[in-house]
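The values are calculated or read from the model by the stated rules, or taken from the named source; none is laboratory data. Just so it is clear, the model here is predicted, and its values are computed rather than measured. Heads up, the Cβs are rebuilt from the backbone with ideal geometry, glycines too, and the neighbour counts pull from every protein chain shown. Ligands, DNA and RNA are excluded from the accessible area calculation, which covers all protein heavy atoms including side chains. Shrake-Rupley method; radii C 1.70, N 1.55, O 1.52, S 1.80 Å.
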Amino acid sequence: MLAFSPTPASALPSAPQGDAGGGPGAAPFVKLDGVSLSYGGPEGLKALSNTHMAIEKGRFVAVVGPSGCGKSSLMKLVTGLLPPTEGSISVGGAKVAGPLKIVGMAFQNPTLLPWRPLLSNVMLPLEIVQPHRTRLRAHKAEYLRKARDLLETVGLGEFEDKFPWMLSGGMQQRANLCRSLIHDPDLLMLDEPFGALDAFTREELWGVLQEVWMERRFTCILVTHDLREAAFLADTIYVMSARPGTIIAKHEVDLPRPRTVDSTFEPRFVDLVHTIRSQIAQVRNEAKQAAKAKAS
Amino acid sequence: MSPNSRRNMERLAPWVVTIGLLLIWQAVVMVFQIEPFVMPAPTAIFEAFLQYRDSILIHAWHTMVSTLLGFVLGIVVGLLLGIFIGSSRLVYAGLYPVLIGFNSVPKVAMVPVLVLWLGIGQPTAVATAFLLCFFPIAVNVATGLATVEPELEDVLRSLGASRTDILLKVGLPRAMPYFFASLKVAITLAFVGAVISETLASNDGIGYLMIQASSQFRVPLMFAGLAVIAAMGVVTYLFFAVIERRMTGWAVRGQNLAPGGGG
């Protein structure tokens, strides 16, 4: 299945792929330093407060927390779509000052373009990101092969001519994943990508994502409220508190890869999920108490 | 009922309804013996049409040309204006009230002003048609641009897409179904505009013909004029409906679209 023809990635003048990216001690690839975010100015609604994160290159990180804890705001901050109110963010050693140029992103809503067949949907980033944008026309065949290989990897090889609305939600989400990876991003941001799928499809796609990640080892930040999903996929899990969100715990997941659905029933996996669950339950309770105290 | 015969019924329905209405009309006129100068029977209207066929067709052609010229202007201006409004919050906020206000003015009231500027005749008819038809186009295109999913915009911006990129790759294709839907509305409005202007200030066109017929109490001729306008409206509407289906089949979720088409 994983028949990635040796894509001439080295020939592409894109950033180097994450082979042995950062050993322990290397400078983190993504770094958040005391980051806060308030919507509507410093006095406004506080979504995120004093958040510190350090993510090494090539790591798979999951961020979990109760709903409304600013997980999605975190995504927008790291990709530079929103400026932080306080603190600083750096990606790849450079301070984030505007939208990053080469991040892959995927959301719960697949947002494929309904007027394009699948293959052309997947190739959309190539029409925008440099240097692919200028090379696309002259090296069409090479890019087409790359897109087809990627579709093949996620099991959509036969569907490249289909329009998105002809496919199931799970298939659309696979294509969405392909679209976020086609330009070999160094950083992949996933915001509840499998949230709208049924349990079986979701578990299937965990496997697909893990496979692609193990193949390519990009840095990945996954925002989710599904603790099993986080434990299945991530190397590191950050647990966030209720609004205003901040990191309250960090768990290293040292389960061997590739993980399978069976490994989600192993005691270590179950224990980990259980621990995180009780942490989140605790912060939720505290938030409720605080709200009550405020109200009375 | 088999799906085939149902489709046949759907195809026949407009004819059945139209002919049925004409028959009822004819019957009412005959039964109640309504005078032709009050309400002529369809047969009388048809006779009038045959009798004045040449002059009706010349005037109809004139109206058609005015309408289409105004319509083309309306498409160009409406499309540009729609893109302008739809791609910037600020422009939207600033321009929308003005446009609403402008659109609330009855265009009949503007014809005298246009006559002052453009004189009596075709230019005024073209301008009135244009004024009536550009608004729905602009509003629809702006709506289409404004409905781009924010997530998709985030995805593109995080790839380094400029505003022009987003507009070309996503905004405009997304707005196309809205645009083509508005054309169907706009073409009928363009007819209204052209005919209004002709009735007030012109020596050509169906509108002028109707005023002339009215002053001479040739009521069947007036109705023949109305029928010709209606027929032209239906034909142009159908034309744009077909174009719409051709251009934006993806938005209709492929009833007629073969899987795997395009590509």
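Scanning the range A:136-183 for residues that are hydrophobic (A, V, I, L, M, F, W, C), open to solvent by 40 Å² or more (accessible area, probe 1.4 Å) and not in a helix (DSSP H, G or I) gives a single hit, A:138. Restricting attention to the range A:68-100, the residues that are facing chain B (nearest Cβ under 8 Å), touching a Ser or Thr at 6+ places or on another chain (Cβ under 8 Å) and open to solvent by 30 Å² or more (accessible area, probe 1.4 Å) total 2. Pairs are defined by a Cβ separation below 8 Å, a sequence spacing of at least 6 or placement on different chains, a first member in the range B:228-249 that is away from chain A (no Cβ under 14 Å) and more than 18 Å from residue B:178 (Cβ to Cβ), and a second member that is open to solvent by 30 Å² or more (accessible area, probe 1.4 Å) and assigned to a helix (DSSP H, G or I); the pairs so defined are B:228/B:49; B:232/B:64; B:233/B:188; B:236/B:188. Residue A:190 satisfies every condition listed in (1) more than 8 Å from chain B (Cβ to nearest Cβ); (2) open to solvent by less than 10 Å² (accessible area, probe 1.4 Å); (3) in contact with a helix residue (DSSP H, G or I) (Cβ under 6 Å, 6 or more places away or on another chain) except (3). Number of residues in the range A:124-135 that are within 11 Å of another protein chain (Cβ to nearest Cβ) and open to solvent by 10 Å² or more (accessible area, probe 1.4 Å): the value is 3.
Using the structure shown, decide if residue A:46 is without any contact (Cβ under 8 Å) to a residue 12 or more places away in the chain and among the basic types (Lys, Arg).
So residue A:46 fails the test.
Could you please give the count of residues in the range B:225-253 that are modelled with pLDDT of 90 or more and either closer than 16 Å to residue A:116 by Cα or of a type in the set (Lys, Arg) (or both)? Residues meeting the conditions: 0.
Would you confirm whether or not the range A:212-223 contains a residue that is touching a strand residue (DSSP E or B) at 6+ places or on another chain (Cβ under 7 Å) and over 30 Å from residue A:86 (Cβ atoms)? Within the range A:212-223, one or more residues are touching a strand residue (DSSP E or B) at 6+ places or on another chain (Cβ under 7 Å) and over 30 Å from residue A:86 (Cβ atoms).
Yes or no, residue by residue, for (1) within 20 Å of residue B:179 (Cβ to Cβ); (2) touching a Phe, Trp or Tyr at 6+ places or on another chain (Cβ under 7 Å):
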position	(1), (2)
B:11	no, no
B:69	yes, no
B:77	yes, yes
B:85	yes, yes
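For the range B:22-68, what are the residues that are assigned to a loop (DSSP other than H, G, I, E, B), aromatic (Phe, Trp, Tyr) and open to solvent by 80 Å² or more (accessible area, probe 1.4 Å)?
Result: B:37, single match.
Residue count for the range A:27-70, restricted to those that are at positive phi and of a type in the set (S, T, N, Q): 1. When the test is whether a residue is assigned to a strand (DSSP E or B) and open to solvent by 100 Å² or more (accessible area, probe 1.4 Å), residue A:294 does not pass it. Of all residues in the range A:165-175, exactly one satisfies the criterion of being in contact (Cβ under 8 Å) with a residue 12 or more places away in the chain and facing chain B (nearest Cβ under 9 Å), namely A:165.
Those residues that are in a strand (DSSP E or B) and either free of Cβ contacts under 8 Å to residues at least 40 places away in the same chain or touching a Leu at 6+ places or on another chain (Cβ under 9 Å) (or both), I need them from the range A:189-237; list them, please. Listed by number, the residues that qualify are A:189, A:190, A:191, A:219, A:220, A:221, A:222, A:223, A:237.
Counting only helices (runs of 4 or more DSSP H) wholly contained in the range B:122-226, the ones carrying 3 or more residues that are surrounded by 19 or more Cβ atoms within 10 Å (Cβ to Cβ) and in contact (Cβ under 8 Å) with a residue 40 or more places away in the chain occupy B:122-146, B:172-200, B:205-215. Consider the range B:111-121 and keep the residues that are in a loop (DSSP other than H, G, I, E, B) and in contact (Cβ under 8 Å) with a residue 40 or more places away in the chain. The one that is nearest to residue A:112 (Cα to Cα) is B:121. Scanning the range B:7-21 for residues that are loosely packed, with under 10 Cβ neighbours inside 10 Å and either touching a helix residue (DSSP H, G or I) at 6+ places or on another chain (Cβ under 7 Å) or over 20 Å from residue B:43 (Cα atoms) (or both) gives B:10, B:11.
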